[in-house]
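Below is one structure, written out as structure tokens; comments come after it.
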Amino acid sequence: MQKITRRVFLAGGAAMAAVAVGELGSGRTSLAQGGTVNLYSARHYDTDSQLYSSFTSKTGIKVNLVQGSAEELLERIKSEGANSPADVLITVDAGNLWRADSQGLFQPVSSQVLQGIPGNLRHPQGHWFGLSMRARAIMYNKNKVNPAQLSTYEDLAAQKWRGKILIRSSSNVYNQSLVASLIAVHGAQKTEQWARALVANFARPPEGNDTAQITACAAGMGDIAIANSYYLVRLAKSSNPQERAIADRVGMFFPNQRDRGTHVNISGAGVLKYAPNKAGAIKFIEHMASTQAQQIFASGNNEYPVVSGVPLDSVLQRYGTFKSDPINVASLGSNNSEAIKIMDRVGWK
Ligand SMILES: [Fe+2]
């Protein structure tokens, strides 16, 4: 829990800055009455502070931010139980949101505004809502691969990719969600066959995060890397010329365009079951889904907005648009444990 940090975002400057953060535990009631939303967030982007102050400017409701990893925040909310001061949880990947939901941490929300988020990117009963979208794409070394050779996730199991695929470990929720999406389409048995062949095609035992896979791909350690879209965009926008050079050598391919579409995932938020300020929490998520906030929220991590009509970041746009898999991302969570079992069985480290 030591890594958890907290900050308060205030609009209106000095006059309101006198409102101290206070200890969350002891200040539960007064914080709620004072028009504060307690936000537990696993996001760590500089632009987020801009988002929170825009909410405060609009509504007068302060944002009290507690940051930590998804695991830390889930543990904290559970241990706080009915006394939890947390109103909203924001985290990445539907797998994490599903985990929180399966532990009963969220409450249903019905909101006309949040109906503007595509149905497949939110929980069917309003337990959580996708606020930005990322694609799990096929990154390829432009010197080694002609994108015409690429087609689908299923094709990554083909013999032609033997020793050429870079991908991170199976402990990562992004890969668990990708495998879960294949289970939804093909069932567990076929997905296991696919996963076994994929592992046989690995260029090396999994190590590092998605950035490490793209970097290794650029260096020619493999032909293709599986990574979330924003990792490549981040490198392309880097102030470090070496990172930009890595991005220059790598292309982004959106698989399964001729069938169901590319596997996507979300960053999202839900209202917690014991939220002291439920009304404020709903307003907060509604604000995050507004056109103004969507642009900032998505660009904070080089992601795609979930609401239509919101312009894409200019660098992200260069990689083109794509058709996304319309499956409800909630099913990624319900297939998560099966996915992990399959990955274990096929020796995906
Ligand atoms: Fe990530």
ask   = Of all residues in the stretch 216-244, which are in contact with a Ser or Thr (Cβ under 7 Å, 6 or more places away or on another chain) and within 16 Å of residue 162 (Cβ to Cβ)?
value = none
inquiry  = Step by step: first the residues of the stretch 231-252, then only those that are under 17 Å from residue 136 (Cβ atoms) and crowded, with 21+ Cβ neighbours inside 10 Å, then the one that is nearest to the ligand (Cβ to nearest atom). Which residue is that?
reply    = 231
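Would you mention how many residues in the stretch 153-196 are over 21 Å from the mean Cα position of the chain (by Cα) and surrounded by fewer than 17 Cβ atoms within 10 Å (Cβ to Cβ)? Let's see the steps before the verdict.
As a first pass, look at the stretch 153-196 and keep what is over 21 Å from the mean Cα position of the chain (by Cα): 154-165, 185-196.
From what's left, surrounded by fewer than 17 Cβ atoms within 10 Å (Cβ to Cβ): 155, 158-160, 162-163, 185-190, 193, 196.
Total satisfying the criteria: 14.
Which one is nearest to the ligand (Cβ to nearest atom) among residues in the stretch 288-298 that are of a type outside the set (A, V, I, L, M, F, W, C) and surrounded by fewer than 22 Cβ atoms within 10 Å (Cβ to Cβ)?
295
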key: Residues satisfying the stated conditions in the stretch 93-108, i.e. surrounded by fewer than 22 Cβ atoms within 10 Å (Cβ to Cβ), touching a residue at least 60 places away in the same chain (Cβ under 8 Å) and not hydroxyl-bearing (Ser, Thr, Tyr)   = 99, 101, 104, 107
ask   = Do we have residue 145 as in contact with an Asp or Glu (Cβ under 8 Å, 6 or more places away or on another chain) and in contact (Cβ under 8 Å) with a residue 40 or more places away in the chain here?
value = yes
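Tally up the residues in the stretch 134-161 that are touching a helix residue (DSSP H, G or I) at 6+ places or on another chain (Cβ under 7 Å) and either more than 18 Å from residue 232 (Cα to Cα) or among the β-branched types (Val, Ile, Thr) (or both), please.
Step one: of the stretch 134-161, the residues touching a helix residue (DSSP H, G or I) at 6+ places or on another chain (Cβ under 7 Å) are 134-137, 139-141, 153-154, 156-157.
Filter again for either more than 18 Å from residue 232 (Cα to Cα) or among the β-branched types (Val, Ile, Thr) (or both), leaving 153-154, 156-157.
Looking only at that region, the number is 4.
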inquiry  = Give me the residue from the stretch 174-209 that is touching a strand residue (DSSP E or B) at 6+ places or on another chain (Cβ under 8 Å) and within 16 Å of the ligand (Cβ to nearest atom) and, out of that set, farthest from residue 133 (Cα to Cα).
reply    = 175
request  = Being within 16 Å of the ligand (Cβ to nearest atom) and outside any loop (DSSP other than H, G, I, E, B) is the filter here, so list the residues in the stretch 299-318 that pass it.
outcome  = 299, 300, 304, 316
remark   = Counted residues in the stretch 210-228 being within 16 Å of the ligand (Cβ to nearest atom) and aliphatic (A, V, I, L, M) come to 5
key: Count of residues meeting criterion [away from the ligand (no atom under 16 Å from the Cβ) and either of a type outside the set (A, V, I, L, M) or within 12 Å of residue 331 (Cα to Cα) (or both)] in the stretch 85-98   = 3
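Bear in mind that the values in this text are calculations on the coordinates, not laboratory data. Please read all numbers here as calculations on a predicted model, not as lab measurements. No Cβ is skipped: glycine too gets one built from the backbone with ideal geometry, and neighbour counts run over all protein chains shown.
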